[in-house]
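The block underneath contains the structure these notes are about, expressed in structure tokens.
Derivation of every value follows stated rules applied to the coordinates shown; laboratory data play no part. Predicted model only: the values in this text are computed from it and were never measured. Note that we place each Cβ from the backbone using ideal geometry, even for glycine, and neighbour counts take in every protein chain shown.
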Amino acid sequence: MRNHLEAAVEEAREAAEHQRVEEPLAAAVERLLRDYFEAHGDSLPASGLHQRVLREVERPLLQLTLKATRGNQLKAAQVLGLNRNTLRKKIRILKIEVPRFVK
């Protein structure tokens, strides 16, 4: 059911890109996870769901934050509440392309 999780993350990304803030973040996440569980019917998701969700959410979170800060990693780290070096490590591990903007 990974495709359903990816679709949920993509839906959240599109909503954020269009600045469509219709519901609190926790409510949106709960709705998407409820849909994910319902898609499994009477069975349960595979083991390791917690790590899969974190992995699926982290990439778009970092990408959108970097986009919002126009690639400024110091500002992005502040928004995320991370140390700049931690952010740089995550960017490298997740192979995220940092947007470059000309002033």
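What value in Å³ per residue do you get for the convex hull of the alpha-carbon atoms in the range 50-103?
74
Set the Förster radius R0 to 35 Å, insert the Cβ-Cβ distance between LYS75 and GLU6 as r into 1/(1 + (r/R0)^6), and round the FRET efficiency to 0.05.
Here the calculated transfer efficiency is 0.80.
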